Amino acid sequence: MPILEVNDLVYKYPDGTSALNGINFKANKGDMIAILGPNGAGKSTLFLHFNGILKPKEGVVKVKENPISYKNKDLLEVRKTVGIVFQNPDDQLFAPTVAQDIAFGPMNLGLNHDEVAKRVKESLKAVDMEGYDEKPPHHLSGGQKKRVAIAGILAMKPEIIVLDEPTAGLDPLGASQIMRLLYDLNKQGITIIISTHDVDLVPVYANKVYLISNGKIIKNGTPKEIFSDT
Ligand code: ADP
Ligand code: ADP
């Protein structure tokens, strides 16, 4: 059963830029999917449709088989299910401490203080950042900031995590630590969708690959199918 599905999605920005020209995409529960494509191909625009931040001009986005209705109540539910980690952690981390940053999402869900504190602890542990609770996020390294941003999403207990270029700007060690973390989360049952340029890391971790160019999916399949072609 698809947990996330996009049918014939078309999107134009208000300035007239055609960003997506008929995208079809499907993620099953438990998938770890990599979306590969050059700058400007439409990866970020597609991701913004996955939790209803953008509304298609044409086509449908379905989360757990329900088409997104774009009503506020529905969007809240969709954003609980689909968490997005943006490319630049500085767009996501703005509280004075790591703990407050991670607490932001679960507090917005209306959870009580004890439950929020519990989720902050669990999420920091999951990303291997225990003990960083009181640190200011802007003092952390790029890889650490990325892990805190992921912890903030984990604290919402999403079923799907979408990450835009999660390894961008990291050194090879930091990049493989992030991929390893995503792989572990995937093994715990969370569906993972990433965009990346890092072709070397993809075949190791993803079970499906989509190639996107000029707002269209030009190919999809297993890493073996995609990368064994000449
Ligand atoms: P990618 O993430 O693959 O680099 P994007 O989704 O950011 O691609 O961009 C797809 C296309 O949409 C590009 O032509 C880009 O210039 C354009 N685009 C992205 N954001 C905006 C925006 N806010 N307004 C107008 N055009 C945009
Ligand atoms: P990415 O490749 O990850 O999408 P970009 O550098 O393309 O990153 O975009 C960074 C930001 O600029 C995004 O918020 C995007 O929506 C916006 N943007 C990209 N292209 C345009 C454009 N042609 N006009 C306006 N905003 C744009």
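When the strands (runs of 3 or more DSSP E) confined to region 7-63 are screened for residues that are more than 8 Å from ligand 1 (Cβ to nearest atom), among the polar types (S, T, N, Q) and in contact (Cβ under 8 Å) with a residue 60 or more places away in the chain, those reaching at least 2 such residues are found at 18-28. Here V10 clears all of (1) among the aliphatic types (A, V, I, L, M); (2) open to solvent by 10 Å² or more (accessible area, probe 1.4 Å); (3) under 15 Å from the mean Cα position of the chain (by Cα) except the condition numbered (3). Restricting attention to region 87-105, does a residue exist that is of a type in the set (S, T, N, Q), open to solvent by less than 50 Å² (accessible area, probe 1.4 Å) and in contact with a Lys or Arg (Cβ under 9 Å, 6 or more places away or on another chain)? Checked against the condition, which is being of a type in the set (S, T, N, Q), open to solvent by less than 50 Å² (accessible area, probe 1.4 Å) and in contact with a Lys or Arg (Cβ under 9 Å, 6 or more places away or on another chain), region 87-105 yields at least one hit. For region 1-49, a residue qualifies if it is within 15 Å of ligand 2 (Cβ to nearest atom) and within 12 Å of K62 (Cα to Cα), and exactly one does: H49.
Using the structure shown, decide if T45 is within 30 Å of E130 (Cα to Cα) and in contact with a strand residue (DSSP E or B) (Cβ under 8 Å, 6 or more places away or on another chain). When the stated conditions are applied, T45 does not pass them. Within region 39-57, at least one residue is out of contact with any His (no Cβ under 6 Å at 6 or more places or on another chain), of a type in the set (A, V, I, L, M, F, W, C), closer than 23 Å to M179 by Cα and open to solvent by 20 Å² or more (accessible area, probe 1.4 Å). Check whether at least one residue in region 183-191 is among the aromatic types (F, W, Y) and over 27 Å from V204 (Cα atoms), and report yes or no. No: zero hits. For P2, are the conditions met, namely being within 21 Å of V78 (Cα to Cα) and within 15 Å of ligand 1 (Cβ to nearest atom)? Spelling it out, it is not the case that P2 is within 21 Å of V78 (Cα to Cα) and within 15 Å of ligand 1 (Cβ to nearest atom). Among the residues of region 198-220, those identified as surrounded by 15 or more Cβ atoms within 10 Å (Cβ to Cβ) and either free of Cβ contacts under 8 Å to residues at least 40 places away in the same chain or more than 12 Å from M32 (Cα to Cα) (or both) are D198, L201, P203, L211, I212, G215, K216, I217, N220. Being under 16 Å from I193 (Cα atoms) and away from ligand 2 (no atom under 16 Å from the Cβ) is the filter; apply it to region 152-174 and report the residue that is most open to solvent (accessible area, probe 1.4 Å). Filtering first and then ranking leaves K157. For region 118-127, the criterion of being open to solvent by 20 Å² or more (accessible area, probe 1.4 Å), farther than 19 Å from I178 by Cβ and hydrophobic (A, V, I, L, M, F, W, C) is met by no residue.
For region 80-111, give me each residue that is touching a residue at least 60 places away in the same chain (Cβ under 8 Å), assigned to a helix (DSSP H, G or I) and over 21 Å from H138 (Cβ atoms).
If the condition is that a residue be touching a residue at least 60 places away in the same chain (Cβ under 8 Å), assigned to a helix (DSSP H, G or I) and over 21 Å from H138 (Cβ atoms), then K80, T81 are the ones that fit.
The values are calculated or read from the model by the stated rules, or taken from the named source; none is laboratory data. Bear in mind that the values here come from a model prediction, so they are computed numbers and not experimental data. With ideal geometry, Cβ positions are generated from the backbone for all residues, glycine too; neighbour counts draw on all protein chains shown. For accessibility, only protein heavy atoms count, side chains too; no ligands or nucleic acids. Shrake-Rupley method; radii C 1.70, N 1.55, O 1.52, S 1.80 Å.
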